[in-house]
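Read through the structure below, which is laid out as structure tokens, and then see the notes.
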Amino acid sequence: MSDAEETKSPLDPMSARPLYVQLADIIAGKIKSGELAPDRPIPSENHLADEYGVARLTARRAAQELRERGLIITVRGKGSFVMKPPPADTPDEDETAS
């Protein structure tokens, strides 16, 4: 029975970690892997709730967590979009001048 539950949803309701954090981690992983590209929308709260078998409020809280992490931005009436990653390993002009 646990095998069927695992294939149904990667979330663990028995874990000490809240479901919204688990869901946020899954979406963050998709952003990091490039599955969800910058400036592209993430699935809606309703879609996430249906896909992962959680309440819409849990999906909403996961989106809030992703906003707090700086991974997504939400535009009222349009949805939530993946943020562009900050440029990595580019020295500031001030650092190169010294």
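Data for the structure
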read-out: Residues located in the range 63-75, provided they are within 15 Å of Arg40 (Cα to Cα), out of contact with any Ser or Thr (no Cβ under 6 Å at 6 or more places or on another chain) and either charged (D, E, K, R) or part of a strand (DSSP E or B) (or both); value: Arg67, Ile73, Val75
read-out: Test: residue in the range 81-96 that is at pLDDT 95 or above and open to solvent by 90 Å² or more (accessible area, probe 1.4 Å); value: no
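The values are calculated or read from the model by the stated rules, or taken from the named source; none is laboratory data. Keep in mind that this is a model prediction, so the values were computed, not measured. Using ideal geometry, Cβ is built from the backbone for each residue, glycine included, and neighbour counts are taken over all protein chains shown. The area values use the complete protein model at the heavy-atom level, side chains included, leaving out ligands, DNA and RNA. Shrake-Rupley method; radii C 1.70, N 1.55, O 1.52, S 1.80 Å.
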